[in-house]
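Beneath this line is the structure, given in structure tokens, with notes to follow.
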Amino acid sequence: MTTASQAETHSFQAETARLLELMIHSLYTNKEIFLRELISNASDALDRMRFESLTHPDLLGDDKVLQIRLETDSENRTLTVSDNGIGMTREEVVQNIGTIAKSGTRELLQKLQESQAADQPEGLIGQFGVGFYSTFMVADRVTLTTRRAGEESATRWESTGDGQYTLTKLEGAEAEKTSRGTRVTLHLKAADSDGGLPDYTQSMLLAQIVKAHSDFVAYPIVQEQTREEVERDEKGQPVEGGKTKTITEDVTLNSMRPIWVRPQAEVTDEEYAEFYHHISHDWQPPAKTLSFKAEGRIEYSTLLFIPSQAPPNLHYANQEYGLQLYVKRVLIMENYEELLPRYLRFMKGIVDSSDLPLNISRQRLQEDRHIQQIRQWVARRVLDSLATLQQDEPQEYAQFWDQFGSVLKEGVADHGAKEAILPLLMFASSADPEKRTSLADYIGRMVEGQEAIYYITGDSRGLVENAPQLERFKARHYEVLYLTEPVDEFMTQYLDKFDGKKVTSVTQGTVELGSESERQQAEEVLKKHGEQYAELLKSLQEVLDEYVKEVRLTSRLTESPACLVGDEFDLSPQLERMLRDSGSEVPERKRILELNPEHPLLEKFAGLCGSEALADRGFMLYCNAVLAEGGELPDPARFNRLLAEFMLKDD
């Protein structure tokens, strides 16, 4: 950094400079989106100004009409977008303008470099928070001047996109010339219609862009326009030979009518998509648009969107979420979490209420019973809409589930929403390797004599579908749900019943399959083998007491010699591991080693009771069961030594 008077020169980070270079070289085919980005930034600044003025009206001073202004100078080839919003301090300029996109720069750079120019989606700019820098697609130099409301000094930022930018602190008379808000001046490149670069000093072109992309912005977007007016008589007819005068006036380019108060029949899909882009900064079209209005003791309107794809930070613990809260069409709060339960955090949209005071504080909002009622109503309407989507458009619902199903599963822990969410759940299962199934469809396929819904949890489908614990279920053609997402381990703690059927893990508790007579027959077989292998079970318990709390026979297995299971209310090994990884203290629980009484290995083991060989082979048998479920060996060195010795033995 070098200092000259009040000016400072800074260098961009290497990735930022590379990203600017790619933008400047016209990787984006739709260059007009730069104006949409600048207007969106200005609108956000006006929102913050309006919100601040609710508690600090003195910040407005005499400049009370909030607006966005477009100014052009065709002679000097400049376009200026200004607002009288909240403005920025020097520190905020450095944070918001001095560096590109606090997150996502590397990923965006990679996508830009890998894609072909003709295929560049304009949405990447908004998606990665680099909208301001889209100005360098049309300008050789950009100057930003800003003064924070209530501050005496101002800041000027300037760059040619060549890897450096300058910051200048404006004080005294210079600062007084700078009004509250932000003024962005683009020193435009030469127009080149053949090269796809229009003349952005043309008023009509700017008006068309504003109408196409920013018509719904809640503040007037004003442009000074000049027109010729012919002298007219009292009847309004042109006077022959009359003078022509030039009239210059401010023209508002956008309608400013909130999109959510217009009848749905009057709003096009494109307009809904543009509004979604504006509030979400996701430039992919939404998958679904939901518009509701509640009337009665509390009146409010909602316009909600289901995104078409999940954002990268969807599962971050500190991810911001929520809806925008408007009161009488005035934005009160962005990302207001109290309007949405966390399991619906993927939703975007607004709530506009007429029954809350404009100067309501954040604490009052959190305590207001109206907010709680709105939250419950919004959640119910969203879940109802998802149920309709699942019923009427199963393919679209499957796409939704691919993106957001893991988040919706969290709602099973919400007692008030559980019954509405359970029918929406979709799972992979043993019935079809390609399709997921709902719990209702699972029940419809249950075989005669089956009394419960069965599931197995694990790290992957390949691991769980080959688990030895499933052998008896497969033999009896019982369908088993495959739960392989991390959230499933927590969800199953609350997933106990559905439609009167118990939901049971195949790896916990004992197994009772078939009719009453079949279960009694299985018990008699186990009893008979129990007497036969009583000494073996006792001996294995002694040599494996360090690792298991019980060694017992089971009817769960048909091919494998052994498997590990837990008691009915034990945590699964995966959940224990996840809790420990998160820093929770979880006591070590031993599991149960179940043996297949009809496997020839047991008969061989029975002849080794009391010998050192049983200790080694019992350990190997236990390790085999651990590996079968994807667990970690308790003593890898011992296992490797015993395995090597086994392989060296003659047949």
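The values are calculated or read from the model by the stated rules, or taken from the named source; none is laboratory data. All values derive from a computational prediction rather than experimental measurement. Please note: Cβ atoms are built from the backbone with ideal geometry, for glycine as well, and neighbour counts cover all protein chains shown.
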Residue check: is GLY583 more than 32 Å from the chain's Cα centre (by Cα) and of a type in the set (Gly, Ala, Ser)? no
Only helices (runs of 4 or more DSSP H) wholly contained in segment 450-521 count here; list those with 1 or more residues that are in contact (Cβ under 8 Å) with a residue 60 or more places away in the chain and in contact with a Gly (Cβ under 8 Å, 6 or more places away or on another chain). 461-464
For segment 267-286, does any single residue satisfy the condition of being of a type in the set (Asp, Glu), without any contact (Cβ under 8 Å) to a residue 40 or more places away in the chain and not assigned by TED's automatic domain parsing to the domain that holds ILE68? yes
Looking only at segment 581-640, count every residue that is closer than 25 Å to TYR482 by Cα, surrounded by 18 or more Cβ atoms within 10 Å (Cβ to Cβ) and out of contact with any strand residue (DSSP E or B) (no Cβ under 8 Å at 6 or more places or on another chain) and tell me the total. 1
Using the structure shown, decide if ILE298 is touching a residue at least 60 places away in the same chain (Cβ under 8 Å), in contact with a helix residue (DSSP H, G or I) (Cβ under 7 Å, 6 or more places away or on another chain) and not assigned by TED's automatic domain parsing to the domain that holds SER203. yes
Within segment 1-89, considering only strands (runs of 3 or more DSSP E) that don't extend past its boundaries, which have at least 2 residues that are under 21 Å from HIS187 (Cβ atoms) and at pLDDT 90 or above? 68-73, 78-83
Modelled with pLDDT of 90 or more, over 17 Å from the mean Cα position of the chain (by Cα) and either small (Gly, Ala, Ser) or closer than 17 Å to SER40 by Cα (or both), is that true of TYR276? no
Checking the condition in a helix (DSSP H, G or I), more than 16 Å from ASP402 (Cβ to Cβ) and in contact (Cβ under 8 Å) with a residue 60 or more places away in the chain, which residue from ILE421, ILE443 passes? ILE421
Every residue from segment 266-299 that is among the hydroxyl-bearing types (Ser, Thr, Tyr) and assigned to a helix (DSSP H, G or I): TYR272, TYR276, SER280
So which residues in segment 160-190 are among the aliphatic types (A, V, I, L, M) and exposed (fewer than 15 other Cβ atoms within 10 Å of the Cβ), if there are any at all? ALA173, ALA190
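Residues checked against (1) more than 23 Å from THR89 (Cα to Cα); (2) in contact (Cβ under 8 Å) with a residue 40 or more places away in the chain; (3) outside any strand (DSSP E or B); (4) among the hydroxyl-bearing types (Ser, Thr, Tyr):
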residue: SER134; (1), (2), (3), (4): no, yes, yes, yes
residue: LEU144; (1), (2), (3), (4): no, yes, no, no
residue: GLU152; (1), (2), (3), (4): no, no, yes, no
residue: GLU174; (1), (2), (3), (4): no, no, yes, no
residue: SER179; (1), (2), (3), (4): no, yes, yes, yes
residue: VAL184; (1), (2), (3), (4): no, yes, no, no
residue: THR201; (1), (2), (3), (4): yes, yes, yes, yes
residue: VAL210; (1), (2), (3), (4): yes, yes, yes, no
Is it true that some residue in segment 91-104 is modelled with pLDDT of 80 or more and either of a type in the set (A, V, I, L, M, F, W, C) or buried (at least 16 other Cβ atoms within 10 Å of the Cβ) (or both)? yes
Any residue at all in segment 436-448 that is exposed (fewer than 15 other Cβ atoms within 10 Å of the Cβ), under 27 Å from GLU518 (Cα atoms) and in contact with a Ser or Thr (Cβ under 7 Å, 6 or more places away or on another chain)? no
Does segment 528-546 include one or more residues that are farther than 28 Å from GLU588 by Cα, outside the structural domain of ASP616 (by TED's automatic domain parsing) and of a type outside the set (D, E, K, R)? no
Given (1) crowded, with 19+ Cβ neighbours inside 10 Å; (2) at pLDDT 90 or above; (3) out of contact with any strand residue (DSSP E or B) (no Cβ under 6 Å at 6 or more places or on another chain); (4) of a type outside the set (S, T, N, Q), number of the condition GLU151 does not satisfy: (1)
Of everything in segment 300-341, what is in a strand (DSSP E or B) and of a type in the set (A, V, I, L, M)? Give them in sequence order. LEU303, LEU304, ILE306, LEU323, LEU325, VAL327, VAL330, LEU331, ILE332, MET333
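For (1) modelled with pLDDT under 90; (2) out of contact with any Asp or Glu (no Cβ under 8 Å at 6 or more places or on another chain); (3) in a helix (DSSP H, G or I), each residue gets a yes or a no:
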| residue | (1), (2), (3) |
| --- | --- |
| GLY530 | yes, yes, yes |
| GLU546 | no, yes, no |
| VAL565 | no, no, no |
| PRO587 | yes, yes, no |
Sort out which residues of segment 400-417 are exposed (fewer than 15 other Cβ atoms within 10 Å of the Cβ) and in a helix (DSSP H, G or I), and write them in order of number. ASP402
Tell me which residues, restricted to segment 590-634, are of a type outside the set (Lys, Arg), under 45 Å from the mean Cα position of the chain (by Cα) and part of a loop (DSSP other than H, G, I, E, B). GLU629, GLY630, GLY631, GLU632, LEU633, PRO634
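A quick yes/no check of all residues on (1) at pLDDT 90 or above; (2) closer than 23 Å to GLN403 by Cα:
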| site | (1), (2) |
| --- | --- |
| GLY462 | no, yes |
| GLU471 | yes, no |
| TYR478 | yes, no |
| LEU481 | yes, yes |
| THR492 | yes, yes |
| ASP496 | yes, no |
| LYS501 | yes, no |
For segment 342-355, what are the residues that are of a type outside the set (S, T, N, Q) and either part of a strand (DSSP E or B) or touching a Leu at 6+ places or on another chain (Cβ under 8 Å) (or both)? TYR343, LEU344, ARG345, PHE346, MET347, LYS348, GLY349, ILE350, VAL351, ASP352
What are the pairs with Cβ atoms under 9 angstrom where one residue, in segment 550-563, is in the same structural domain as ALA625 (by TED's automatic domain parsing) and in a strand (DSSP E or B) and the other, located anywhere, is basic (Lys, Arg) and surrounded by fewer than 21 Cβ atoms within 10 Å (Cβ to Cβ)? Sequence gap at least six, or different chains. GLU550/LYS590; VAL551/LYS538
